[in-house]
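Please read the structure below before turning to the comments.
The values are calculated or read from the model by the stated rules, or taken from the named source; none is laboratory data. Everything quoted here is computed from the prediction, not taken from an experiment. Every residue, glycine among them, receives a Cβ derived from its backbone with ideal geometry; neighbour counts consider all protein chains shown.
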Ligand code: NAD
């Protein structure tokens, strides 16, 4: 089935990944389209008053991929390039990711096409609140739960929670995750995605007989996921030799002072002007020789142009969809490079979001140690299942991850029948 609604390269990419996994699973044709296509979507226009008195209308989207295993769950992205097709693809990946991690959710994603950094603080607040107001009939703690993604953060989640709560007349903390701890957020949520990326990278390093203290890492994207991955890798003893963000890339073979870089970005918003490494191009950063390359920015950055030039041992996909299908084919042929695919590699974020939701629903809160211990247990379980699937099907790690997640969703749909 060709979609008339979701039209983008990223959506095509997610569909082709699905088709490949469905072929491996030999999935019944009557199930295929139901499991693949997003269940429903909402597009809204969000008019907000700017500080100068003018009114601008922003387009916002939310896609709920499937409703067969619980409420839907997924991030909210503020970025100028957001479109409905991209949001739909991200919602599909959320579905496979949640199923792979054993979480009781369908996937969802939302977005607004806007550059959040071009707005003042109060304009951003008005936009976040307006988007949530428009979404009220479509979301809720048992319907669809949002979380931060590119361009959004704890503050945006706090505004969303407040707007929804004002509407229902009581504190509905469980309507979003990734909130500040003071508003019902979970200890460990802020670092969960990046920590999970680093945890998997370290675990595979050890499987390949490489001591973390002898290993180097390069990280593309220095926002929430990238900076937390860098911090956790340094804590594991890995030397981070390259970092980048939208403003540029930096290389320091002696090791980057990650904490100092994080402080610099907190003050200056980006790495522009940072003096902790030699300035190189964003393309050159991805091709640096290293043990771990962690793309933690946007989709489709590893592509036909650079796939054959990568010089890492482990490609730890912190971002969603960083590797095009063509690049993936090149990497699968390369025995030197091991890919930890996105839907497992960055699953730490949604796992701790799930913990946050559970804690909010029960009004009982865990310590950071409890959260991270529980997280590591689920990450270990996912890795064991992934490796077993890879052996059983004699396939790549991406195919193993996708088939595990997709099979679980397909089973739920098959057993429930045609409705959900
Ligand atoms: P963020 O907005 O906090 O950070 C994004 C970073 O990418 C910024 O440093 C930005 O400057 C950088 N960037 C943008 N374009 C770039 C380019 N062309 N080259 C280099 N860097 C560039 O977003 P985030 O929450 O860290 O999300 C990053 C990725 O991780 C996304 O793919 C997101 O979907 C995925 N992800 C996030 C979470 C989460 O919990 N936040 C969970 C799972 C997956």
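Among the residues making up the range 266-288, those that are in contact (Cβ under 8 Å) with a residue 12 or more places away in the chain, in a loop (DSSP other than H, G, I, E, B) and more than 11 Å from the ligand (Cβ to nearest atom) are 274, 276, 277, 287, 288.
Screening the candidates 263, 300, 269 for the property of being within 22 Å of the chain's Cα centre (by Cα), farther than 26 Å from residue 211 by Cα and exposed (fewer than 15 other Cβ atoms within 10 Å of the Cβ) yields one hit, 269.
So, in the range 216-251, how many residues would count as being more than 16 Å from residue 346 (Cβ to Cβ) and within 15 Å of the ligand (Cβ to nearest atom)?
Matching residues across the range 216-251 total 12.
Taken over the range 205-222, the criterion of being more than 14 Å from residue 290 (Cβ to Cβ) and in contact with a strand residue (DSSP E or B) (Cβ under 7 Å, 6 or more places away or on another chain) is satisfied by 221, 222.
Any residue at all in the range 330-338 that is closer than 26 Å to residue 109 by Cβ, in the same structural domain as residue 210 (by TED's automatic domain parsing) and at pLDDT 95 or above?
yes
Looking only at the range 120-139, which residues are within 21 Å of residue 95 (Cβ to Cβ) and either in contact with a helix residue (DSSP H, G or I) (Cβ under 6 Å, 6 or more places away or on another chain) or in a loop (DSSP other than H, G, I, E, B) (or both)?
The one that is within 21 Å of residue 95 (Cβ to Cβ) and either in contact with a helix residue (DSSP H, G or I) (Cβ under 6 Å, 6 or more places away or on another chain) or in a loop (DSSP other than H, G, I, E, B) (or both): 139.
Within the range 147-165, being more than 10 Å from the ligand (Cβ to nearest atom) and in contact with a strand residue (DSSP E or B) (Cβ under 8 Å, 6 or more places away or on another chain) holds for 154, 156, 157, 160, 161, 164.
Test residue 188 against the criterion of being away from the ligand (no atom under 11 Å from the Cβ), under 24 Å from residue 155 (Cα atoms), under 21 Å from the mean Cα position of the chain (by Cα) and modelled with pLDDT of 95 or more, and give yes or no. Yes; evaluated as a whole, the condition is true for this residue.
Taken as a whole, the condition of being under 30 Å from residue 37 (Cα atoms) and either at pLDDT 95 or above or buried (at least 23 other Cβ atoms within 10 Å of the Cβ) (or both) does not apply to residue 207. Number of residues in the range 398-420 that are free of Cβ contacts under 8 Å to residues at least 60 places away in the same chain and surrounded by fewer than 22 Cβ atoms within 10 Å (Cβ to Cβ): the value is 4. Taking the range 7-41 as the search range and keeping residues that are in contact with a strand residue (DSSP E or B) (Cβ under 8 Å, 6 or more places away or on another chain) and in a loop (DSSP other than H, G, I, E, B), which one is farthest from residue 82 (Cα to Cα)? Top of the filtered list is 39. Let me confirm something: among 168, 176, 143, which residue is closer than 26 Å to residue 379 by Cβ, more than 12 Å from the ligand (Cβ to nearest atom) and modelled with pLDDT of 95 or more? The conditions single out 176.
Do you know which residues across the range 61-96 are part of a loop (DSSP other than H, G, I, E, B) and within 14 Å of the ligand (Cβ to nearest atom)? Step through it out loud before you land on a result.
So the first thing to find is which residues in the range 61-96 are part of a loop (DSSP other than H, G, I, E, B), and the list is 65-71, 80-83.
Of everything in the range 61-96, those that are part of a loop (DSSP other than H, G, I, E, B) and within 14 Å of the ligand (Cβ to nearest atom) turn out to be 80, 81, 82.
Would you be able to say whether some residue in the range 120-137 is buried (at least 17 other Cβ atoms within 10 Å of the Cβ) and either within 11 Å of the ligand (Cβ to nearest atom) or within 17 Å of the chain's Cα centre (by Cα) (or both)? The answer is no, given that none of the residues of the range 120-137 is buried (at least 17 other Cβ atoms within 10 Å of the Cβ) and either within 11 Å of the ligand (Cβ to nearest atom) or within 17 Å of the chain's Cα centre (by Cα) (or both).
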